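Contents: one structure, followed by commentary.
The values are calculated or read from the model by the stated rules, or taken from the named source; none is laboratory data. Remember, it's a predicted structure, so these values are computed and weren't measured experimentally. So basically every Cβ, Gly included, is an ideal-geometry build from the backbone, and we count neighbours across all protein chains shown. Side chains are part of the model used for accessible areas, which takes the heavy atoms of the whole protein and leaves out ligands, DNA and RNA. Shrake-Rupley method; radii C 1.70, N 1.55, O 1.52, S 1.80 Å.
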Amino acid sequence: HTAHAQTTMAPRTSIDELKELLESSTRILALCGAGLSAASGLPTFRGAGGLWRNHEPTSLATPDAFEDDPVLVSLFYAWRKHMALKAQPNAGHFALAELAKRREGFLCLTQNVDGLSPRAGHPAAQLRHLHGSILDVKCFEECGYTEQNNLSDPPCPALAAAAADYPPDLTLPLLDPNVPTPEIDVEDLPHCPNCKNGLLRPGVVWFGEALDELMLMEVDNWIARGKIDLMLVIGTAAAVYPAAGYTRKAQRRGAVVAVVNPDADSAEGLMRNDFFLQGGAAEILPRLFE
Ligand code: BV8
Ligand code: ZN
């Protein structure tokens with residue numbers, strides 16, 4: 001009977017109570033998703049308008065999609081990289097960066113590839129990009145060539161030429177599905193300077209691709225090191241694995257879970273002792289850490 005009561009009881013909603021728990025927490029883990037960057041104007045994957053040129057992002061974020069149509073996938077990432085470079089970190093990014101500076105027992109795992117957390121000053125030692133970064137590029141033929149923090153935008157002359165025909169706010173003719181995709185020849189896409197024949201691709205983890213082994217081991221070692229007091233689940237539908245699996249792993253180490261999300265559905269499965277703070281990360285997180 002209590003088990004039933006346990007699951008049906010609503011989770012706690014008091015920010016002040018969560019602040020108290022945060023103050024007394026030593027080890028804190030966070031899993032962040034696209035919702036953290038929503039206030040910076042970056043579209044989420046599954047939210048309204050999650051489509052790009054009538055394509056599901058998840059159908060473009062795969063090696064097969066790149067193999068089949070490298071121009072379309074390159075345009076998709078060129079647009080997202082442009083948006084990410086144009087966006088500013090929001091109060092949620094800064095609040096998490098501030099928490100990391102103050103609490104060395106805080107580790108932040110982000111599924112986001114937009115590079116906004118580093119730009120908010122989040123210490124690199126306490127931030128893991130589970131799905132890579134849109135600012136990194138690497139050779140599609142896996143010759144080993146990689147580039148970090150490539151800020152070129154648009155990433156190649158062919159795209160720059162295509163962008164030149166459009167007003168600056170459209171920047172790249174990628175936003176408006178009614179604007180025809182520019183005619184770009186695969187030959188004109190950025191190629192690997194190392195092996196000379198591979199196409200360059202974004203340094204992100206696509207669906208069906210493995211996450212970085214070393215990083216996964218590091219995170220598992222951090223989790224295994226002892227009790228986790230608090231697991232913050234911020235702006236994520238927690239539908240993508242293995243990233244979404246970290247909440248269970250933290251719970252097994254004793255963590256209280258606190259979900260920050262405007263969508264009530266994301267509180268599903270939370271226990272009575274957990275927290276659900278309904279709202280935007282940019283509004284809620286600063287109040288948590290002030
Ligand atoms: C792997 C990088 C194995 C690219 C991303 C069944 C079939 C096929 C595959 C699978 C399957 N089951 C499991 C899999 C594996 C698959 C997977 O999990 N699929 C899902 C869809 C079921 N996983 C993989 O393929 C992973 N690899 O398993 O490899 C393997 C092992 C060994 C060897 C070889 C292979 C790789 C997954 C990584 C994919 N790459 N990103 C890119 O970004 O372009 S994932 C991508 O999705 C992004 O990283 C993004 O973060 C994520 C989307 O999730 P969210 O971040 O949660 O975003 P979403 O839009 O969904 O939700 C936004 C949330 O924010 C919402 O809840 C909303 O309410 C909330 N929100 C909105 N506004 C706000 C807000 N919150 C706060 N404040 C606001 N203002
Ligand atoms: Zn190469």
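Which residues, counting only those in region 103-128, are of a type outside the set (A, V, I, L, M) and free of Cβ contacts under 8 Å to residues at least 40 places away in the same chain?
Filtering region 103-128 for residues of a type outside the set (A, V, I, L, M) gives 103-106, 108, 110-112, 114-115, 117-119, 121-123, 126, 128.
If the condition is that a residue be of a type outside the set (A, V, I, L, M) and free of Cβ contacts under 8 Å to residues at least 40 places away in the same chain, then E104, G115, P118, R119, G121, H122, P123, Q126 are the ones that fit.
Tell me the helices (runs of 4 or more DSSP H) entirely within region 21-118 that contain at least 2 residues that are under 16 Å from the mean Cα position of the chain (by Cα).
Working: elements: 57-60, 63-68, 70-86, 91-102.
Per the criteria, 57-60, 70-86, 91-102.
Considering only region 88-117, state which residues are open to solvent by 20 Å² or more (accessible area, probe 1.4 Å) and aromatic (F, W, Y).
Listed by number, the list holds a single entry, F94.
Residues to consider are L72, L96; find the one that is over 29 Å from G198 (Cα atoms) and out of contact with any helix residue (DSSP H, G or I) (no Cβ under 6 Å at 6 or more places or on another chain).
Details: L72 fails: over 29 Å from G198 (Cα atoms).
Being over 29 Å from G198 (Cα atoms) and out of contact with any helix residue (DSSP H, G or I) (no Cβ under 6 Å at 6 or more places or on another chain) holds for just one of L72, L96, which is L96.
Might you let me know whether region 136-157 holds any residue that is hydrophobic (A, V, I, L, M, F, W, C), in contact with a strand residue (DSSP E or B) (Cβ under 6 Å, 6 or more places away or on another chain), more than 16 Å from ligand 2 (Cβ to nearest atom) and assigned to a strand (DSSP E or B)?
Looking only at region 136-157, we keep the residues that are hydrophobic (A, V, I, L, M, F, W, C), and these are 137, 139-140, 143, 151, 156.
In the following step, the residues that additionally are in contact with a strand residue (DSSP E or B) (Cβ under 6 Å, 6 or more places away or on another chain) were identified as 137, 140.
Of the ones still in play, those that are also more than 16 Å from ligand 2 (Cβ to nearest atom) are none.
Within region 136-157, none of the residues are hydrophobic (A, V, I, L, M, F, W, C), in contact with a strand residue (DSSP E or B) (Cβ under 6 Å, 6 or more places away or on another chain), more than 16 Å from ligand 2 (Cβ to nearest atom) and assigned to a strand (DSSP E or B).
Please count how many residues of region 129-145 are without any contact (Cβ under 8 Å) to a residue 60 or more places away in the chain and more than 16 Å from ligand 1 (Cβ to nearest atom).
The qualifying residues number 4.
Could you figure out which of (1) modelled with pLDDT of 90 or more; (2) touching a helix residue (DSSP H, G or I) at 6+ places or on another chain (Cβ under 8 Å); (3) closer than 21 Å to A239 by Cα isn't true of P57?
Checking P57 against (1) modelled with pLDDT of 90 or more; (2) touching a helix residue (DSSP H, G or I) at 6+ places or on another chain (Cβ under 8 Å); (3) closer than 21 Å to A239 by Cα, the one that fails is (1).
For the condition under 30 Å from F76 (Cα atoms), surrounded by fewer than 20 Cβ atoms within 10 Å (Cβ to Cβ) and at pLDDT below 95, what is the one hit in D212, D185? Steps first, answer last, please.
Details: D212 fails: at pLDDT below 95.
Among D212, D185, only D185 is under 30 Å from F76 (Cα atoms), surrounded by fewer than 20 Cβ atoms within 10 Å (Cβ to Cβ) and at pLDDT below 95.
Within region 215-243, work out how many residues are surrounded by 12 or more Cβ atoms within 10 Å (Cβ to Cβ) and either touching a Pro at 6+ places or on another chain (Cβ under 9 Å) or of a type outside the set (A, V, I, L, M, F, W, C) (or both).
Within region 215-243, residues that are surrounded by 12 or more Cβ atoms within 10 Å (Cβ to Cβ) and either touching a Pro at 6+ places or on another chain (Cβ under 9 Å) or of a type outside the set (A, V, I, L, M, F, W, C) (or both) number 8.
What do you reckon, is V260 of a type in the set (A, V, I, L, M, F, W, C), near ligand 1 (Cβ under 7 Å from one of its atoms), open to solvent by less than 70 Å² (accessible area, probe 1.4 Å) and closer than 30 Å to C156 by Cβ?
Values: of a type in the set (A, V, I, L, M, F, W, C): yes; near ligand 1 (Cβ under 7 Å from one of its atoms): yes; open to solvent by less than 70 Å² (accessible area, probe 1.4 Å): yes; closer than 30 Å to C156 by Cβ: no.
Criteria not met by V260.
Which condition breaks for L216 when tested against (1) farther than 24 Å from G132 by Cα; (2) assigned to a helix (DSSP H, G or I)?
That leaves (1) as the condition not met.
Can you name every residue in region 267-290 that is within 12 Å of ligand 1 (Cβ to nearest atom), assigned to a loop (DSSP other than H, G, I, E, B) and at pLDDT below 95?
E268
Looking only at region 255-268, how many residues end up being free of Cβ contacts under 8 Å to residues at least 12 places away in the same chain and over 20 Å from the mean Cα position of the chain (by Cα)?
Residues meeting the conditions: 1.
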